[in-house]
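Since the structure comes first, as structure tokens, the remarks are kept for the end.
The values are calculated or read from the model by the stated rules, or taken from the named source; none is laboratory data. In this text, all values refer to a predicted model and were calculated from it rather than measured experimentally. Virtual Cβ from ideal backbone geometry, glycine too; neighbours counted across all protein chains shown. Surface accessibility is based on the protein's heavy atoms, side chains included, excluding ligands, DNA and RNA. Shrake-Rupley method; radii C 1.70, N 1.55, O 1.52, S 1.80 Å.
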Amino acid sequence: QQQVKQSPQSLIVQKGGISIINCAYENTAFDYFPWYQQFPGKGPALLIAIRPDVSEKKEGRFTISFNKSAKQFSLHIMDSQPGDSATYFCAAFTGTASKLTFGTGTRLQVTL
Amino acid sequence: EPEVTQTPSHQVTQMGQEVILRCVPISNHLYFYWYRQILGQKVEFLVSFYNNEISEKSEIFDDQFSVERPDGSNFTLKIRSTKLEDSAMYFCASSPYRTSGMSYEQYFGPGTRLTVT
């Protein structure tokens, strides 16, 4: 019940295209859903996050869509750029457990 | 921009040896975490620490692991007797405190790659 399922495992998108990564969770106690971006050899960097009382959050080219009833959330990267090529992790957090539970990661490659 | 720092960047040790991984969280942050990532796999929670005590720990964090905040700036993870399966990237993270309570934003350091031979 603590798992966060993430798909796809890898994604290739052309420059200028839209990248979409999906996550699903089971534990309804989760109340914060961040996305992290990780470049090789680096630590995860907080990209954008959402609370379950909001259905969408947009920051620049990055948008989180959240469906509370379906227990799903997704990251949309608009106008994808080669510099966006990285591994993206969704995660979920509950203050009562004081820990992040990560998805399995999506390796995004943006081609020219 | 303030950031979490970790030392060393790479640690090689022999099986059975003790290692200490060091972290300097962002100044004024009050919540501290250790996570690990085995090569090619997802990031896994190890332990959270607040007010000089462990808040939560995972099943991975057994008696061989311990954490300490020896002074006002450092946060350490000690593995007493390393095993081959402890080889991983270890990340430290920290969160600020908000007046409304715990902040959920966690900021990660660059990691320490631990190789156990």
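For B:ASP71, work out the one condition from (1) within 24 Å of A:ALA45 (Cα to Cα); (2) part of a loop (DSSP other than H, G, I, E, B) it doesn't fulfil.
Condition (1) is where B:ASP71 drops out.
Out of B:TYR50, B:TYR107, B:TYR97, I need the residue that is open to solvent by 30 Å² or more (accessible area, probe 1.4 Å), among the aromatic types (Phe, Trp, Tyr) and over 14 Å from the mean Cα position of the chain (by Cα). Which one?
After ruling out the rest, the residue left standing is B:TYR97.
Quick check on B:ASN74: is it of a type outside the set (D, E, K, R), more than 10 Å from every other protein chain (Cβ to nearest Cβ) and either under 14 Å from the mean Cα position of the chain (by Cα) or within 18 Å of B:HIS10 (Cα to Cα) (or both)?
Numbers: of a type outside the set (D, E, K, R): yes; more than 10 Å from every other protein chain (Cβ to nearest Cβ): yes; either under 14 Å from the mean Cα position of the chain (by Cα) or within 18 Å of B:HIS10 (Cα to Cα) (or both): yes.
For B:ASN74, the condition - of a type outside the set (D, E, K, R), more than 10 Å from every other protein chain (Cβ to nearest Cβ) and either under 14 Å from the mean Cα position of the chain (by Cα) or within 18 Å of B:HIS10 (Cα to Cα) (or both) - is met.
How about the stretch A:62-112: which of its residues are in a strand (DSSP E or B), of a type in the set (S, T, N, Q) and touching a strand residue (DSSP E or B) at 6+ places or on another chain (Cβ under 6 Å)?
First, pick out the residues of the stretch A:62-112 that are in a strand (DSSP E or B): A:62-67, A:72-77, A:86-94, A:99-102, A:106-111.
Then drop every residue that is not of a type in the set (S, T, N, Q), which leaves A:63, A:65, A:67, A:72, A:74, A:87, A:94, A:101, A:106, A:109, A:111.
Once the filter is applied, which keeps residues that are in a strand (DSSP E or B), of a type in the set (S, T, N, Q) and touching a strand residue (DSSP E or B) at 6+ places or on another chain (Cβ under 6 Å), the stretch A:62-112 yields A:THR63, A:SER65, A:GLN72, A:SER74, A:THR87, A:THR101, A:THR106, A:GLN109, A:THR111.
Yes or no, residue by residue, for (1) among the aromatic types (Phe, Trp, Tyr); (2) closer than 22 Å to B:HIS10 by Cβ; (3) at pLDDT 90 or above:
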| position | (1), (2), (3) |
| --- | --- |
| B:TYR35 | yes, yes, yes |
| B:TYR50 | yes, no, no |
| B:LEU84 | no, yes, yes |
| B:SER87 | no, yes, yes |
| B:ALA93 | no, yes, yes |
| B:TYR104 | yes, no, no |
| B:PRO110 | no, yes, yes |
| B:LEU114 | no, yes, yes |
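In the set A:LEU112, A:LEU100, which member is modelled with pLDDT under 95 and facing chain B (nearest Cβ under 10 Å)?
A:LEU100
Specify the residue that is surrounded by the fewest Cβ atoms within 10 Å (Cβ to Cβ); the eligible residues are those in the stretch A:5-23 that are of a type in the set (Gly, Ala, Ser) and under 12 Å from the mean Cα position of the chain (by Cα).
The qualifying residue surrounded by the fewest Cβ atoms within 10 Å (Cβ to Cβ) is A:SER7.
Output yes when any residue across the stretch B:35-49 is over 13 Å from B:LEU114 (Cβ atoms), aromatic (Phe, Trp, Tyr) and without any contact (Cβ under 8 Å) to a residue 24 or more places away in the chain, and no when none is.
For the stretch B:35-49, residues over 13 Å from B:LEU114 (Cβ atoms), aromatic (Phe, Trp, Tyr) and without any contact (Cβ under 8 Å) to a residue 24 or more places away in the chain: present.
For B:GLN41, are the conditions met, namely being open to solvent by 60 Å² or more (accessible area, probe 1.4 Å) and either among the aliphatic types (A, V, I, L, M) or in contact with a strand residue (DSSP E or B) (Cβ under 8 Å, 6 or more places away or on another chain) (or both)?
Taking the combined requirement at face value, the residue does not satisfy it.
Given the criterion of a type in the set (Ser, Thr, Tyr), closer than 26 Å to B:SER94 by Cβ and free of Cβ contacts under 8 Å to residues at least 24 places away in the same chain, identify the matching residue among A:SER98, A:SER55.
A:SER98 is the lone residue from the list that is of a type in the set (Ser, Thr, Tyr), closer than 26 Å to B:SER94 by Cβ and free of Cβ contacts under 8 Å to residues at least 24 places away in the same chain.
Does the stretch B:1-22 hold any residues that are part of a strand (DSSP E or B) and either of a type outside the set (S, T, N, Q) or open to solvent by 50 Å² or more (accessible area, probe 1.4 Å) (or both), and which are they?
Within the stretch B:1-22, B:THR5, B:THR7, B:HIS10, B:GLN11, B:VAL12, B:VAL19, B:ILE20, B:LEU21, B:ARG22 meet the criteria.
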